[in-house]
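*Asks:* Can you read through this structure? Questions will come right after.
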Amino acid sequence: MRFRIYRFDPDRDSKPRWQEYELDLHANDRMVLDALVRLKEQDDSIAFRRSCREGVCGSDGMNINGLNALACITPLAGISEPVTLAPLPSFPVIRDLIVDMTQFFAHYDAIKPYLVNEEPPPERERLQSPAERQRLDGLYECILCACCTSFCPSAWWNPEKFLGPAALLQARRFIVDSRDRAAPQRLEFLDDVYKLFRCRTIMNCTQVCPKGLNPAHAIERIKIDLLRHSS
Amino acid sequence: MRLFTGQSAFVAQRISALLLLACVAVVALRLAIGPSPTFAQWRAWAGQPLGGAVVLVLAGALFMHAWIGARDVLIDYVKPFALRLAVMTFVAAGLCVLAAWTAVIVATHAL
């Protein structure tokens, strides 16, 4: 199988380049990450992140044949050749397929991704009804791989100010959490020309989310929450 | 709600879109069910107080919708602050002149 990989080493290269590779697949090579690990045996200078190998940690988000995806859950079967692997678009490249996610996590941190509740804690835990717990479905599963935010044109245009689909999905996850008491403050924080309302419902985020989540829908729901909050 | 940022702009853009959509629907229906009015008939209708008020509301919705849309495009694509400010000022001034002109015409004929 033929591969075409984005290469950039800031210590040696003045600009990025593409490098071609050929790999004889083994029977156990099922996912793009399997092939990448084998390619690294050929050329140990290839740099990429990976950890869990099963679509849970979100480390190996990259652009595969033009679409953001997790290498560990993207099957090699039926994939078009050459398999083109590039770092997540719009993020600063540290080396090869490794990107700098500082801005991404700064936006995540800005939405306060934790429960805010000043009430005295109960003896054991803050309970939820099944219905309250169900409201978190489709929100809590985000693994922060950044596939969505990196593929969002609104984030390309205003990367420092627009929070991006991943952070906004997480914001909604805490807005609807019955145990959280800071929903009004969370909504007021988002009522800004940049943080939330740069979203143009392009829906690239929903298209590429490897967990099958719908950040575009979550963003629309936040806008409705804001309307209810202010009326 | 802050003036024309965030949610207020989002809501204003959608309300103005609904008003303009309703206007298009009413005009299309009017043209579909009868002979097309002449310019003199349109002018006479807009010259009545009610017609003039409708024209003013629709013109207001159009200019507001245009401003929010243009502002969003400029925020996304024009990065140098000075250039963005200059283009926004130019667009805002142009829309204000058009709005004032519309108000003068309606006031001249309808009031």
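*Asks:* With respect to residue A:148, is the statement that it is away from every other protein chain (no Cβ under 14 Å) and assigned to a helix (DSSP H, G or I) true? Reasoning before the result, please.
*Replies:* Details: away from every other protein chain (no Cβ under 14 Å): yes; assigned to a helix (DSSP H, G or I): yes.
Taking the combined requirement at face value, the residue satisfies it.
*Asks:* Starting from the range B:12-23, keep only residues that are aliphatic (A, V, I, L, M), then list their pairs with residues that are outside any helix (DSSP H, G or I) whose Cβ atoms are within a distance under 8 Å, requiring at least 6 positions of separation or different chains.
*Replies:* B:12/B:4
*Asks:* OK, next. Give A:169, A:163, A:196, A:136 a once-over and let me know the one that is of a type in the set (A, V, I, L, M) and either assigned by TED's automatic domain parsing to the domain that holds residue A:72 or surrounded by fewer than 23 Cβ atoms within 10 Å (Cβ to Cβ) (or both). Reasoning before the result, please.
*Replies:* On the way: A:169 fails: either assigned by TED's automatic domain parsing to the domain that holds residue A:72 or surrounded by fewer than 23 Cβ atoms within 10 Å (Cβ to Cβ) (or both); A:163 fails: either assigned by TED's automatic domain parsing to the domain that holds residue A:72 or surrounded by fewer than 23 Cβ atoms within 10 Å (Cβ to Cβ) (or both); A:196 fails: either assigned by TED's automatic domain parsing to the domain that holds residue A:72 or surrounded by fewer than 23 Cβ atoms within 10 Å (Cβ to Cβ) (or both).
After applying the criteria, what remains is A:136.
*Asks:* Next question. Could you please find all residues in the range A:168-202 being among the basic types (Lys, Arg) and within 14 Å of another protein chain (Cβ to nearest Cβ)?
*Replies:* Residues of the range A:168-202 among the basic types (Lys, Arg): A:172-173, A:179, A:181, A:186, A:195, A:198, A:200.
Within the range A:168-202, A:186, A:195, A:198, A:200 meet the criteria.
*Asks:* Restricting attention to the range B:25-68, and to residues there that are outside any loop (DSSP other than H, G, I, E, B), small (Gly, Ala, Ser) and surrounded by fewer than 15 Cβ atoms within 10 Å (Cβ to Cβ), which single residue is farthest from the other protein chains (Cβ to nearest Cβ)?
*Replies:* Applying the first criterion (outside any loop (DSSP other than H, G, I, E, B)) to the range B:25-68 yields B:25-33, B:39-47, B:49-68.
The next check asks that each one be small (Gly, Ala, Ser); those that pass are B:25, B:28, B:32, B:40, B:44, B:46-47, B:51-53, B:59-61, B:66.
Now restrict to residues that are surrounded by fewer than 15 Cβ atoms within 10 Å (Cβ to Cβ): B:25, B:28, B:32, B:40, B:44, B:53.
Working: B:25: 24, B:28: 27, B:32: 32, B:40: 43, B:44: 40, B:53: 26 Å.
Selected residue: B:40.
So that you can scan it fast, the table gives a plain yes or no per residue for (1) in a helix (DSSP H, G or I); (2) β-branched (Val, Ile, Thr); (3) modelled with pLDDT of 95 or more:
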| site | (1), (2), (3) |
| --- | --- |
| A:189 | yes, no, yes |
| A:193 | no, yes, no |
| A:200 | no, no, no |
| A:205 | yes, no, yes |
| A:210 | no, no, yes |
| A:219 | yes, yes, yes |
| A:226 | yes, no, no |
| A:229 | yes, no, no |
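*Asks:* Which one of these is farther than 30 Å from residue A:188 by Cβ and either not assigned by TED's automatic domain parsing to the domain that holds residue A:175 or not small (Gly, Ala, Ser) (or both): A:109, A:34? I'd like the intermediate steps shown before the answer.
*Replies:* Values: A:109 fails: farther than 30 Å from residue A:188 by Cβ.
Just one listed residue meets the conditions, A:34.
*Asks:* I'd like the residue in the range A:48-104 that is under 18 Å from residue A:156 (Cα atoms) and free of Cβ contacts under 8 Å to residues at least 12 places away in the same chain and, out of all such residues, is surrounded by the fewest Cβ atoms within 10 Å (Cβ to Cβ).
*Replies:* Among those residues, the one meeting the criterion is A:102.
*Asks:* Separate question: Just give me the residues in the range A:97-139 being among the aliphatic types (A, V, I, L, M) and modelled with pLDDT of 95 or more, in sequence order. Break it down into steps so the answer makes sense when it comes.
*Replies:* We begin by selecting, within the range A:97-139, every residue among the aliphatic types (A, V, I, L, M); these are A:97-99, A:101, A:106, A:110-111, A:115-116, A:127, A:131, A:136, A:139.
Correct list: A:97, A:98, A:99, A:101, A:106, A:110, A:111, A:115, A:116, A:131, A:136, A:139.
*Asks:* Would you please name the residue that is farthest from the other protein chains (Cβ to nearest Cβ), looking only at residues in the range A:154-167 that are touching a residue at least 40 places away in the same chain (Cβ under 8 Å) and out of contact with any Ser or Thr (no Cβ under 9 Å at 6 or more places or on another chain)?
*Replies:* Per the stated criteria, the residue is A:160.
*Asks:* Return only the number of the condition from (1) touching a Leu at 6+ places or on another chain (Cβ under 9 Å); (2) part of a loop (DSSP other than H, G, I, E, B); (3) under 27 Å from residue B:81 (Cβ atoms) that residue A:143 does not satisfy.
*Replies:* Against the list (1) touching a Leu at 6+ places or on another chain (Cβ under 9 Å); (2) part of a loop (DSSP other than H, G, I, E, B); (3) under 27 Å from residue B:81 (Cβ atoms), residue A:143 comes up short only on (3).
*Asks:* So residue A:25 passes all but one of these: (1) touching a helix residue (DSSP H, G or I) at 6+ places or on another chain (Cβ under 8 Å); (2) more than 30 Å from residue A:213 (Cα to Cα); (3) surrounded by 14 or more Cβ atoms within 10 Å (Cβ to Cβ). Which condition number does it fail?
*Replies:* If we test residue A:25 against (1) touching a helix residue (DSSP H, G or I) at 6+ places or on another chain (Cβ under 8 Å); (2) more than 30 Å from residue A:213 (Cα to Cα); (3) surrounded by 14 or more Cβ atoms within 10 Å (Cβ to Cβ), just (3) comes out false.
The values are calculated or read from the model by the stated rules, or taken from the named source; none is laboratory data. All figures in this text were calculated on a predicted structure; none of them were measured in a lab. Note that we place each Cβ from the backbone using ideal geometry, even for glycine, and neighbour counts take in every protein chain shown.
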